[in-house]
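> Here's a structure for you.
The values are calculated or read from the model by the stated rules, or taken from the named source; none is laboratory data. Bear in mind that the values here come from a model prediction, so they are computed numbers and not experimental data. Note that each Cβ is placed from the backbone with ideal geometry, even for glycine, and that neighbours are counted across all protein chains shown. Ligands, DNA and RNA are excluded from the accessible area calculation, which covers all protein heavy atoms including side chains. Shrake-Rupley method; radii C 1.70, N 1.55, O 1.52, S 1.80 Å.
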Amino acid sequence: MIQPDSYVRSLLKRSPGETVTARGWVKTRRDSKNVHFVQLNDGSSTTDLQIVIDQGVVPPETIARITTGACLSVEGELVASPGKGQTVELKAVTVTLHGGADPEHYPLQKKKHTLETLREIGHLRTRSNTFGAVFRVRNALASAIHKFFQDRGFLYVHTPIISASDAEGAGSMFGVSTLDPAAGAPDYTQDFFGRRTYLTVSGQLEAEIFAMAFANVYTFGPTFRAENSNTPRHLAEFYMIEPEMAFCDIHGDQDLAEAFLKFQISYVLETCRPDLEFLAKWYDPQLIPTLEAVVASQFERISYTEAIALLEKSGKQFEFPTYWGVDLQSEHERYLTEELLKKPVIVTNYPKEIKAFYMRANDDGKTVAAMDVLLPRIGEIIGGSQREERHDVLQQRIREMAHHGMKEESYWWYLDLRRFGGVEHAGFGMGFERMMMYLTGMKNIRDVIPFPRTPGNAEF
RNA sequence: UCCUCAGUAGCUCAAUGGUAGAGCAUUCGGCUGUUAACCGAAGGGUUGUAGGUUCGAGUCCUACCUGAGGAGCCA
């Protein structure tokens, strides 16, 4: 096992003269008359460690096998590098070749590959510079999220992956069953759980249970949608963060969402600078200035009604017409956040007809206390609301939705939370990979998750 | 799921309906404390699949497969 002081990242910071062992995978080898240069990387750093192997230290037949992709351990002395591009390098004394990578067949070459090609070698793309940077950022982002909530006293709750609630309106769900599909019409009362079950589309309803006991809670786990979505922004399996706060209204909800987004960006700017610089260089030169601008900005907050008014007087021709009562289309959201306001926008108080049943009804009788946070380039990154805490109002709403297949008896425990010690509360959901896209400048969501699950794709 | 575009060497891409090419990678040779090293040579192809039009198809037509972009749904 590599010890903390022996990661490539650590070795690059240590002083000349020390005897160390480096382990990792070869990026490339260059030969000179009396010396071989090997770029070694263990995934801890955007920068490789340069290994210098003098003629005779390693038998020629071993040198020949030290090719791109091979795995090595190298013991030697860290020395000041006379060459450009690095301050220290490792002068090899002992080289152990753990596994070669036949250059005739190893698909990762020391040249630029398209992201589409790398996606098809999902078991090897992790060794590329791009995915090294992406997954270090992903790791840091996950850490930032826990830190943000833990520092505020939020309780981390694991909501179930397998769920019986058919989460009305949340789109198609993956069924979970141990019944033999070949056995004809399924009788779910005989199924593993004695009822129809699904992979969760949201932990929110269960998070509300915890918020009614621990006040401030959050979930961070996988979520599944069986929608046949083929876009650069959708996955069938993705990660979602869902905070839920008791004693919180829609305004507190917005404040938290804004602070949350800014914290994540700041944290990654601080801890992953070299990775962001690499990503900026190859994918989006404006990446870092854009991120810094968001941290410094104050998010625009407008109501749905104001948003519609802004769109109507924009004079812009939209493919879909805008009028009060229709949901905002991608083109509308993009216009608001990218062109008109040029910063993150929080849109609140949507018509109740286009939002979920659990959102708190406003006094106007027409809108609910919903909020969507829109980011330039990404669109909706956060969707949330103040929840309906009034038992009778919620019950009435569920009954109104009966014709959509909602069954009041399925929500008995959810309604119970309003009968016993209910209080105003609010929360939101943030797509983890959407945030990753924003932070890394990656334009396809399949390139910010280790193993993307999309329609027709589950190879790795 | 709908619309649009694309599929040619391991990779990135050329090729007016008329002999299928280059760069990188690979192999071999040369040079060199190198930095996506450099110089030279060689090998490498059922042009996504199946049909069709044509004297002749990588190129035109049809269907299918795969990928990408846009839309819907959303996070």
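> Using a 1.4 angstrom probe with every protein chain in place, what is the largest-first accessible-area order of A:Tyr283, A:Tyr438?
Details: A:Tyr283 60, A:Tyr438 5 Å².
Correct descending sequence by accessible area is A:Tyr283, A:Tyr438.
> Please list the radius of gyration and Dmax for the stretch A:242-299, considering alpha-carbon atoms only, with Å as the unit.
14.3, 45
> Counting only complete DSSP H runs, which helices of chain A cover 24 Å or more along their long axis at the Cα atoms and score a mean Kyte-Doolittle of 0.0 or above? If you can, show how the numbers build up before the last one.
Working: long enough: A:129-151 (33 Å, 0.13); A:250-271 (31 Å, 0.11).
Passing helices, by number: A:129-151, A:250-271.
> Also, I was wondering about something else. Can you pull the one-decimal nm distance between simple spin-label points at A:Lys366 and A:Val326, each 7 Å off the Cα toward Cβ?
About 1.7 nm separates the two model spin labels.
> Tally up the carbon and sulfur contribution to the accessible surface of the stretch A:299-455 as a whole percent, 1.4 Å probe, everything protein left in place. Walk me through the numbers on the way to the answer.
Numbers: 3360 of 6800 Å².
Whole-percent figure for carbon plus sulfur exposure: 49.
> Another one. Enumerate the aspartates and glutamates that A:Lys33 could reach by cross-link, defined here as Cα to Cα under 13 Å, with residues fewer than 8 away along the same chain left out.
Partners found: A:Asp54.
> Right, here's the next one. Highest mean first, what order results for A:327-339, A:9-21 on Cβ atoms within 10 Å?
With the highest mean Cβ count within 10 Å placed first, the list reads A:327-339, A:9-21.
> In whole angstrom, and with the biggest value first, how far do the Cα coordinates of the stretch A:186-265 range along each principal axis?
47, 37, 18
> Need one number: nm distance between label points at A:Tyr106 and A:Met1, each 7 Å from Cα along Cα→Cβ, rounded to one decimal.
Output for this residue pair reads 2.7 nm.
> How large a share of the accessible area of the stretch A:4-111, in percent, is made up of carbon and sulfur atoms when the probe is 1.4 Å and the other protein chains stay in place?
Details: 2920 of 5660 Å².
So the carbon and sulfur contribution to the accessible surface is 52 percent.
> Express the Stokes-Einstein translational diffusion coefficient of chain A in µm² s⁻¹, to the nearest whole number, given a Kirkwood radius over alpha-carbon pairs, 25 °C and a viscosity of 0.890 mPa s.
Values: Rh = 25.1 Å.
Rounded to a whole number, D works out at 98 µm²/s.
> Next up: Assuming R0 = 51 Å, can you tell me the calculated FRET efficiency for the pair A:Phe37 and A:Ser172, based on Cβ-Cβ distance, to the nearest 0.05? Each step should come with its number before you reach the end.
On the way: r = 53 Å, r/R0 = 1.05.
In this case the efficiency is close to 0.45.
> Sort A:41-47, A:100-106 for me by packing, meaning the mean count of neighbouring Cβ atoms within 10 Å per residue, highest on top. Please report the intermediate quantities before stating the final value.
Values: A:41-47: 18.6, A:100-106: 12.3.
Per-residue Cβ counts within 10 Å, averaged per peptide and sorted highest first, yield A:41-47, A:100-106.
> Once Rh is set to the Kirkwood radius over Cα pairs, what Stokes-Einstein translational diffusion coefficient, in µm²/s, holds for the stretch A:4-111 at a temperature of 20 °C and a viscosity of 1.002 mPa s? Numbers along the way, then the final one.
Working: Rh = 13.7 Å.
Here the translational diffusion coefficient equals 156 µm²/s.
> Roll a 1.4 Å probe over the protein heavy atoms and report the accessible area of A:Arg30 in Å², nearest 10.
100 Å²
> Could you tell me the extents of the stretch A:358-443's C-alpha atoms along the three principal axes, largest first, rounded to whole Å?
Result, largest extent first: 46, 28, 27 Å.
> For the pair A:Tyr156 and A:Ala183, how long in nm is the line joining their label points, each one 7 Å along Cα→Cβ?
Distance between label points: 3.9 nm.
> Let me ask something additional. Can you give the accessible area per residue of the stretch A:4-111, in Å², using a 1.4 Å probe? Numbers along the way, then the final one.
Numbers: 5660 Å² over 108 residues.
Averaged over the residues of the stretch A:4-111, the accessible area is 52 Å².
> Using r as the Cβ-Cβ distance of A:Glu409 and A:His113, and R0 as 45 Å, what FRET efficiency do you calculate, to the nearest 0.05?
Values: r = 54 Å, r/R0 = 1.21.
Once rounded, the FRET efficiency stands at 0.25.
> Cα-based Rg (one decimal) and Dmax (whole number) for the stretch A:61-135, in Å?
Gyration radius and largest Cα-Cα distance of the stretch A:61-135: 14.9, 40 Å.
> Report the calculated FRET efficiency for A:Thr271 and A:Ser81 (r = Cβ-Cβ distance, R0 = 22 Å), to the nearest 0.05. Working shown, then result.
Details: r = 26 Å, r/R0 = 1.18.
The computed FRET efficiency comes out at 0.25.
> Where the centroid of each part is defined by its Cα atoms, how far is the stretch A:310-329 from the stretch A:1-39 in Å?
Value for the Cα centre distance between the two parts: 58 Å.
> Quick check: Cα centre of the stretch A:117-168 to Cα centre of the stretch A:47-80, how many Å?
Centre-to-centre distance over Cα atoms comes out at 34 Å.
> For A:Cys272, A:Cys71, what's the largest-to-smallest order of accessible area, 1.4 Å probe? It would help to have the intermediate numbers written out before the result.
Values: A:Cys272 5, A:Cys71 30 Å².
So the residues, ranked largest to smallest area, are A:Cys71, A:Cys272.
> Taking only Cα atoms of the stretch A:67-224, what ratio of Rg to Rh do you get with Rh as the Kirkwood inverse-distance radius? Before the final figure, lay out the partial values.
Details: Rg = 24.9 Å, Rh = 21.4 Å.
On the Cα set of the stretch A:67-224, Rg over Rh gives 1.16.
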